[in-house]
Amino acid sequence: MENMTAETQNYLSRILTLTSQFSFYDGTYQTEIPFLSILKANKSIPIEHGVLGPSFCVVIQGNKVLQVGRDTIEYGAGDYLASSIHMPIKGQVLKATKETPYVALQIALTSEEVSSVALETHSKINAYNSLSTGAFIGKTNIQVLGVFERLLQLSFDSQAIDFLAPTVKRELIFRLLTGEDGDVFYSKMLLHQEASGITNVINWIKDNFDSSFMISQLADLGNMSISSLHHKFKAVTTMTPLQYQKRIRLQEARRMLMGGAIDVTRTASQVGYESSTQFIREYKRLFGLSPLKDVRAIYQKAEKGTNEV
């Protein structure tokens, strides 16, 4: 925190104190506010694969490394990670301990919500049209941190949540749009993807990950040529449409197995694989273990963490 102002440090300290009032060891805690979650890690973790949904996540304490395509970025307290799409990423928590855990706050945030606030407030934004990856890092300011502090305080007042939380969320978006990096935030959250037709393609694959497709079908959906589709899709997601679909399939399979699905063959079929052998091979390539061994290892890790409370 050596490069932060004293005011920023004070906000982060107060927010950290508020998060300590929620009783959970580590992992993800869903607050009473439907779109607000608390993330915590009590120890350093190896690189993990995941899919970051449309959201805004600000780090309160600790450091993390994010890998998007070939780019590796380290970010920490006061920085944020945002995405306007379902973005396959790899991340790693650094140097976290039980005494000084990694702590972050995450809100679900869609491009439609950003667009609505920008239009209704007549925000003067100098948007950029260049394509870039759907997940990006930025710095918060005290106005944004102040909104998060009030959101956490509001989460203790169940009677007021339904009425006040949506308004506070809109204020958060307004602060992000009108802050120093508002132009970049707006462009990356909304404009370049909408203008390029990529959003429709990404959403179709996400919603139909278990179905096969022709590249020409996706190109028609995005109203672009096949070559343009490949270029724009890779610029935003860092992978091809088929690679993106595979990642979504494997993440969904992992979620299903963690939820109690014990038949690997049936799980493979449900996420779109015709061959369970191919599914197991690709699952192991991504997560490092075969499906059942991977799930068993995750459960054992969770049980160990619970016993250490």
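The values are calculated or read from the model by the stated rules, or taken from the named source; none is laboratory data. Everything numeric in this text was worked out from a predicted model, so none of it was measured. Cβ: placed from backbone, ideal geometry, glycine included. Neighbour counts: every protein chain shown. Note: areas computed on protein heavy atoms with side chains; ligands, DNA, RNA excluded. Shrake-Rupley method; radii C 1.70, N 1.55, O 1.52, S 1.80 Å.
Mind listing whichever residues of the range 81-109 are hydroxyl-bearing (Ser, Thr, Tyr), under 20 Å from Lys188 (Cα atoms) and part of a loop (DSSP other than H, G, I, E, B)? Can you show your working first?
Here is the first cut: in the range 81-109, the ones hydroxyl-bearing (Ser, Thr, Tyr) are 83-84, 97, 100, 102.
From what's left, under 20 Å from Lys188 (Cα atoms): 83-84.
Ser84, the sole residue that qualifies.
Residue pairs whose Cβ atoms lie under 6 Å apart, separated by 6 or more positions or on different chains, with the first residue in the range 270-286 and more than 13 Å from Gln251 (Cβ to Cβ) and the second open to solvent by 20 Å² or more (accessible area, probe 1.4 Å) and assigned to a helix (DSSP H, G or I), are Ser276/Thr265.
Just checking: which of the strands (runs of 3 or more DSSP E) contained wholly in the range 1-79 hold 1 or more residues that are over 19 Å from Lys98 (Cβ atoms) and charged (D, E, K, R)? I'd like the intermediate steps shown before the answer.
Values: elements: 27-30, 36-41, 48-52, 55-61, 63-68, 71-76.
The qualifying strands (runs of 3 or more DSSP E) are 48-52, 71-76.
All conditions in (1) closer than 22 Å to Tyr299 by Cα; (2) open to solvent by less than 20 Å² (accessible area, probe 1.4 Å) hold for Pro46, with the sole exception of (2).
Inside the range 25-43, residues that are at pLDDT 90 or above, surrounded by 15 or more Cβ atoms within 10 Å (Cβ to Cβ) and of a type outside the set (D, E, K, R) make up a count of 10.
Scanning the range 80-97 for residues that are of a type outside the set (Lys, Arg) and open to solvent by 20 Å² or more (accessible area, probe 1.4 Å) yields a count of 5. Within the range 29-41, the presence of at least one residue that is closer than 20 Å to Lys90 by Cβ, touching an Asp or Glu at 6+ places or on another chain (Cβ under 9 Å) and of a type in the set (D, E, K, R) is confirmed.
With respect to Ile248, determine if the residue is part of a helix (DSSP H, G or I), of a type in the set (Val, Ile, Thr), within 18 Å of Glu48 (Cβ to Cβ) and modelled with pLDDT of 90 or more.
Numbers: part of a helix (DSSP H, G or I): yes; of a type in the set (Val, Ile, Thr): yes; within 18 Å of Glu48 (Cβ to Cβ): yes; modelled with pLDDT of 90 or more: yes.
Yes, satisfied.
Any residue at all in the range 186-196 that is in contact with a strand residue (DSSP E or B) (Cβ under 9 Å, 6 or more places away or on another chain) and under 30 Å from Lys139 (Cβ atoms)?
Of the range 186-196, the ones in contact with a strand residue (DSSP E or B) (Cβ under 9 Å, 6 or more places away or on another chain) are 188-189.
This time we only want the ones that are under 30 Å from Lys139 (Cβ atoms), so: 188-189.
Within the range 186-196, one or more residues are in contact with a strand residue (DSSP E or B) (Cβ under 9 Å, 6 or more places away or on another chain) and under 30 Å from Lys139 (Cβ atoms).
For the range 110-143, the set of residues classified as assigned to a loop (DSSP other than H, G, I, E, B) and modelled with pLDDT of 75 or more consists of Thr110, Thr121, Ser132, Thr133, Gly134, Thr140, Asn141, listed by residue number. Please verify whether Thr265 is assigned to a helix (DSSP H, G or I), among the hydroxyl-bearing types (Ser, Thr, Tyr) and touching a Ser or Thr at 6+ places or on another chain (Cβ under 7 Å), treating the condition exactly as stated. So Thr265 fits the description; yes.
Cβ-Cβ distances below 6 Å connect the following pairs, each with a first residue in the range 204-217 that is free of Cβ contacts under 8 Å to residues at least 24 places away in the same chain, a second residue that is open to solvent by 60 Å² or more (accessible area, probe 1.4 Å) and part of a helix (DSSP H, G or I), and a separation of six or more residues or different chains: Trp204/Leu221. Take the conditions (1) of a type in the set (D, E, K, R); (2) assigned to a helix (DSSP H, G or I); (3) under 24 Å from Ala268 (Cα atoms); Lys232 misses just one of them, which is (3).
Scoring Phe156 on the criteria (1) assigned to a loop (DSSP other than H, G, I, E, B); (2) hydrophobic (A, V, I, L, M, F, W, C); (3) touching a Phe, Trp or Tyr at 6+ places or on another chain (Cβ under 6 Å) leaves a single failure, condition (3).
Yes/no matrix, rows are residues, columns are (1) of a type outside the set (S, T, N, Q); (2) at pLDDT below 95:
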{"position": "Val51", "(1), (2)": "yes, yes"}
{"position": "Pro54", "(1), (2)": "yes, yes"}
{"position": "Ile89", "(1), (2)": "yes, yes"}
{"position": "Gln92", "(1), (2)": "no, yes"}
{"position": "Lys98", "(1), (2)": "yes, yes"}
{"position": "Leu105", "(1), (2)": "yes, no"}
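Among the residues of the range 225-237, is there at least one that is free of Cβ contacts under 8 Å to residues at least 60 places away in the same chain, exposed (fewer than 13 other Cβ atoms within 10 Å of the Cβ) and among the basic types (Lys, Arg)? Checked against the condition, which is being free of Cβ contacts under 8 Å to residues at least 60 places away in the same chain, exposed (fewer than 13 other Cβ atoms within 10 Å of the Cβ) and among the basic types (Lys, Arg), the range 225-237 yields no hits at all.
Checking the structure you have, find out if any residue of the range 178-200 is open to solvent by 40 Å² or more (accessible area, probe 1.4 Å), under 29 Å from Ser115 (Cβ atoms), at pLDDT below 95 and not in a helix (DSSP H, G or I). Within the range 178-200, one or more residues are open to solvent by 40 Å² or more (accessible area, probe 1.4 Å), under 29 Å from Ser115 (Cβ atoms), at pLDDT below 95 and not in a helix (DSSP H, G or I).
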